[in-house]
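Below: one structure in structure tokens.
The numbers here are math on the coordinates, done by the rules we state, and not lab data. It should be emphasised that the depicted structure is a prediction, and the values quoted were computed from it without experimental measurement. A quick note on method: Cβ atoms are made from the backbone with ideal geometry, for glycine too, and the neighbour counts reach across all protein chains shown.
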Amino acid sequence: MLKLQVRRWSERPRVLLLMLAIMLPAAALIVASAWHLHTLQREKGIEAVYQREYLHVLAIAEKRIDERAYKMTEEIRVKFPAADQPEDLESFLAAHPNVSHAFIWTGKGKFEFQSQPGMMEEPEFREESKELSSNIAAWLDVMSESYLFKVKKMETGYGHRALMDDEWVHKGDKMQYLSVAYFTPLGSSTEHPALAGFIYDPDFMAKTFFPQALNEVVPDEGHNDSSHPQPAITVRTAKDQTPIAASTCWGGSRPEVERPFDGVFPGMILGIGLHGTTIADISRRFARQQFLILGALSLLMAAGMILTYRNVSRELALAKLKSDFVSNVSHELRTPLALIRLYAETLELGRISNPAKHQEYYEIIRKESERLTSLINNILDFSRIEAGKKEYSFCQTDVGDLVRSTLDSYRFEIEHNGFHFEQKIDSDLPPLQVDREAIARSLLNLVNNALKYSAREKYLGVYLYRQNGSVHLEVVDHGIGIPAKEQPRIFEKFYRVGDPLVHNTKGSGLGLSLVRHIVRAHGGEVTVESAPGHGSKFIITLPVQASELQQQEAVSA
Ligand code: ADP
């Protein structure tokens with residue numbers, strides 16, 4: 001007993017230590033993740049990652065747009081008239097509707113400028129043509145050398161024959177951005193250097209060139225759920241916030257990250273943003289999601305801890321019940337054995353001459369061996385049930401008869417113990433399919449308990465009657481009773497109420513668990529109604545089989 005006690009106490013801290021060994025690192029991990037997430041949120045780490053990523057996308061976008069622009073310019077440049085054929089500018093413009101103006105500079109004051117003839121009726125365009133022609137002429141007269149050098153460098157350094165530049169003209173109260181391609185035309189030489197160029201139609205650039213180029217970089221994937229927001233790229237001039245062009249999925253919001261063009265379109269700015277959301281939103285959502293996951297994990301961990309603790313406590317309680325069971329059973333076995341031995345030895349010595357005494361001793365030996373048998377039967381039944389090997393042999397039985405004969409063999413003991421015994425068995429009971437021995441054992445267990453747990457008022461009542469399609473077997477006592485909170489547990493194996501009155505009474509804690517198993521195997525149920533100090537009533541309910549009901553109905557019809 002002492003050994004068992006010591007083991008129980010050393011087990012609890014070990015189990016707790018084991019739980020802590022698993023839970024502590026997990027909790028540390030959760031706390032560290034939460035802290036990391038908090039820092040990330042405070043330092044806007046997620047936003048920074050997005051911004052870096054977007055700048056990278058913009059750099060790629062610019063490179064693609066540049067390539068496209070150089071390719072288009074080169075295709076137009078090869079068709080450009082030679083330096084000494086400025087009269088061909090008109091036909092060149094007619095063949096290239098995307099070009100608004102074209103010019104050839106062959107020396108100071110020698111400048112030819114042509115604009116799309118079809119558009120010259122528009123006053124705004126005429127103004128634009130005039131302004132450009134005078135600006136570029138004046139500009140080239142002063143800067144021709146520098147431009148010639150830059151064009152040369154472009155060719156030798158980067159393999160492009162044209163130099164792209166920007167030009168701004170007045171348009172109403174705003175400035176219009178124009179994209180100019182400069183190059184040396186056929187016929188230009190070191191002695192007679194010439195510069196030529198053309199200017200793209202800004203409408204074509206805004207409505208065709210840029211949208212196509214941008215959609216190639218960020219194609220519209222058709223979906224736009226909040227978990228996968230699609231990025232959109234815009235192009236604007238440095239002098240206006242409103243984009244001149246954007247990829248298809250642009251929703252109209254301001255771009256979140258911007259990057260000025262380096263090469264082909266100086267003065268233009270590329271921007272990128274998300275459709276229907278912002279980086280800050282995404283970052284907030286991400287953080288919220290992660291915090292929720294961490295919260296759920298913590299809850300799961302806490303639930304796991306509680307479950308483990310409860311399970312372990314239950315196991316420990318069961319271990320305690322088992323050890324109590326062993327000591328109770330040993331005690332229960334030893335007492336009848338000692339009595340049997342004592343009375344058998346006394347009889348063997350032949351010193352008793354009084355026949356009444358003889359009779360009394362025989363009776364004691366019989367009763368004690370019966371007690372032993374019933375205890376051993378209980379234990380054997382229990383071990384069969386635990387091993388899943390308990391078998392029942394059901395046969396058609398007159399239950400009234402079975403209860404009567406079981407109680408008859410016990411009646412003497414009941415009354416001998418000073419109990420007021422009441423037995424009421426209804427006569428109109430239908431026969432039931434039961435295992436006779438198992439039902440008799442259940443009844444004896446209940447009767448035995450009633451005898452054991454009745455201190456002052458010694459009363460035992462057994463009633464057998466039919467109610468609502470079931471046969472009820474009631475065992476009633478006026479004994480110590482059972483507290484309400486203990487009642488659901490008394491049918492558990494090894495369980496004994498922790499009342500000193502109970503602990504002074506011998507018992508194994510198996511009786512009621514056997515009764516419940518047996519009754520359930522018969523398709524019935526056992527219940528208890530009890531109040532401390534007022535006695536208990538155990539009711540076994542056995543269903544009347546369907547076949548029996550049918551039989552009875554047939555007879556009464
Ligand atoms: P035991 O061998 O301890 O009697 P049982 O399984 O038969 O084991 O009963 C379980 C517990 O239920 C008992 O220990 C006792 O506390 C309580 N009990 C059972 N029957 C009665 C009763 N008739 N009156 C009071 N308490 C009872």
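Between helix 279-349 and the chain, what is the angle of the helix's C-alpha long axis to the longest principal axis, kept within 0 to 90° and rounded to the nearest 10?
Once rounded, the angle reads 10 degrees.
Using only Cα atoms, find the angle between the long axis of helix 355-386 and the longest principal axis of the chain, and express it within 0 to 90 degrees, rounded to the nearest 10.
Its long axis makes an angle of about 10 degrees.
Around M72, under 14 Å between beta carbons, what's the net of Lys plus Arg minus Asp minus Glu among the other residues?
Numbers: positive: R64, R68, K71, R77, K79, R161; negative: D66, E67, E74, E75, D201, E216.
Once all neighbours under 14 Å are counted, the net charge is 0.
Sum -39500 (n - 2.57) across every DSSP H segment of at least 4 residues in the chain, then divide by the residue count to get the 222 nm mean residue ellipticity, nearest 500.
Values: 12 runs with 284 residues, N = 557.
Per the formula, -18000 deg cm²/dmol.
For segment 354-415, with the dipole built from +1 on Lys and Arg beta-carbon atoms and -1 on Asp and Glu ones, taken about the Cα centre, which of I364, C395, S383 lies farthest toward the positive end?
S383
Could I ask something else about it? Between R314 and L55, what length in nm is gained on full extension when 0.36 nm per residue of separation is reduced by their alpha carbon distance?
87.2 nm
Same structure, new question: Go through segment 100-178 and name the GluC sites (Glu not before Pro) that are in a DSSP coil and have 10 or fewer other Cβ atoms within 10 Å of their Cβ.
Here the sparse-neighbourhood loop sites are E121.
Compute the signed sum of charges (Lys and Arg +1, Asp and Glu -1) over the other residues within less than 12 Å, Cβ to Cβ, of A95.
Charge balance near A95 sits at -2.
Label-point separation (nm) for H534 and Q289, each offset 7 Å from Cα along Cα-to-Cβ?
6.1
Summing Lys, Arg as +1 and Asp, Glu as -1, what charge do residues with Cβ under 9 Å from the Cβ of N328 carry, N328 excluded?
Its environment carries a net charge of 0.
Would you mind classifying segment 44-170 by shape? Square roots of the alpha carbon gyration tensor eigenvalues, ordered a ≥ b ≥ c; an a/c under 1.5 is rounded, otherwise it is prolate if a/b is larger than b/c and oblate if not.
prolate
Please give me, ordered by residue number, the trypsin sites (Lys or Arg not before Pro) of segment 10-81 that lie in loop per DSSP and have at most 13 other Cβ atoms within 10 Å.
Taking segment 10-81 and a limit of 13 other Cβ atoms within 10 Å, the loop trypsin sites (Lys or Arg not before Pro) found are K79.
What's the long-distance tail for segment 240-302, i.e. % of Cα pairs beyond 14 Å?
Working: 1340 of 1953 pairs.
Value for segment 240-302: 69 percent of Cα pairs lie more than 14 Å apart.
How much length is gained if the chain between S353 and R126 is pulled fully straight, taking 0.36 nm per residue apart and subtracting their Cα-Cα distance, in nm to one decimal? Please list the in-between numbers first.
Working: separation 227, 0.36 × 227 = 81.72 nm, distance 15.23 nm.
Contour length minus the Cα-Cα distance gives 66.5 nm.
For the Cα atoms of the chain, what angle does the longest principal axis make with the long axis of helix 45-77, in degrees from 0 to 90, nearest 10?
30
Could you calculate the contour length gain from Q241 to E74, that is, 0.36 nm times the residue separation minus the distance between their Cα atoms, to one decimal place in nm?
This chain segment gains 57.1 nm when fully extended.
Something else: Of the trypsin sites (Lys or Arg not before Pro) in segment 328-431, which ones lie in a loop per DSSP and count no more than 13 other C-beta atoms within 10 Å?
R351, K389
A follow-up question, please. Give me the one-decimal nm value for the distance between modelled label points at S330 and E90, 7 Å along each residue's Cα-to-Cβ direction.
Here the modelled spin labels are 12.7 nm apart.
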